[in-house]
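FYI, it's all coordinate maths here, none of it is from the lab. Since this is a predicted model, take the numbers as computed values, not measurements. Note that each Cβ is placed from the backbone with ideal geometry, even for glycine, and that neighbours are counted across all protein chains shown.
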Amino acid sequence: MNLVTFKGQADTIIVVLDEIAPFREIAQCFDNKLQEYKSFFKDANIPMKIKGRDLTEQDKQILSEILTKNDINTCIHCEEQTVNTATKNSQGINTIYSVGILRSGQEVVSVGNAIILGDVNPGAVVKADNNIIIMGNLNGRAYAGLSTSCERTFVIAYGMNPEQVGIGEYIANSPKASRKYVGFNVPEIAYVNEHRIYVDEVDFKTLQSII
């Protein structure tokens with residue numbers, strides 16, 4: 001049984017996953033396929049789009065770790081469904097997962113959310129219509145809220161030292177220069193309040209005021 005199928009499509013690789021097999025078997029097959037075609041993926045940097053089954057956050061994390069283990073620097077595109085319990089309607093939210101370090105000249109663009117599993121180096125850019133979460137250092141540029149209300153939009157990074165950060169119509173250059181140094185590996189959040197961009201450590205009170 002072919003649990004994982006790779007299909008080339010323009011500038012994207014479609015990854016079709018079996019919809020009924022146990023995920024652990026799919027993950028193993030995904031790993032085996034990547035090792036088989038490792039020489040192709042190594043320098044390709046071609047986005048992957050997952051189809052065939054719904055994935056949990058844990059499933060996505062496992063696939064991302066497999067990519068990292070195989071030294072493959074690419075993006076995983078997943079289409080998520082968010083159910084509005086008040087109206088019983090479904091709204092599609094697109095989230096792009098970028099695995100690996102974003103280097104100078106590289107750019108990730110999302111029509112929804114962007115989650116970066118790695119550092120964003122100087123000269124690299126992340127753009128998202130909604131929110132941006134960087135599980136690493138933000139040393140490049142990040143622009144969130146390109147098509148949504150900036151009042152509920154944010155950029156989170158585990159090391160906030162950007163060349164520039166933008167939320168909606170507001171732009172700030174190196175906001176960390178005017179703040180007290182809080183150290184590395186401390187999650188920080190950039191958000192808009194009273195027509196200005198602020199950067200604070202992530203805590204429940206800050207998130208509650210935004211979300």
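Annotations for the structure displayed:
- In order along the stretch 196-201, the phi-based Karplus estimate (6.51 cos²θ - 1.76 cosθ + 1.60, θ = phi - 60°) of 3J(HN,Hα) comes to 9, 8, 10, 10, 9, 5 Hz; Gly and Pro are listed as x.
- Coupling constants for the stretch 13-20 follow from the phi torsions by the Karplus curve (6.51 cos²θ - 1.76 cosθ + 1.60, θ = phi - 60°), and in residue order they are 9, 8, 10, 9, 9, 4, 8, 10 Hz; glycine and proline get x.
- Pair Ser147, Glu194: separation of 7 Å Cα→Cβ label points (nm): 3.3
- Nonlocal amide H pairs with Thr95, under 5 Å, H built at 1.01 Å: Cys78, Glu80, Asn113
- Near Gly168, the amide H atoms lying under 5 Å from its own belong to Ala144, Gly145, Leu146; only residues 5 or more places off or on other chains count, and H is placed 1.01 Å from N.
- Estimated inter-spin distance, Glu107 and Ala21, nm [label 7 Å along Cα→Cβ]: 3.7
- Close amide-amide hydrogen proximity is noted between Ile116 and Ser98, Ile133, Ile134, Met135, each under 5 Å apart and 5 or more residues distant or on a separate chain (H modeled in the peptide plane; Pro and chain starts excluded).
- If you plug the beta carbon distance of Asp71 and Val202 into 1/(1 + (r/R0)^6) with R0 = 30 Å, you get a FRET efficiency near 0.50.
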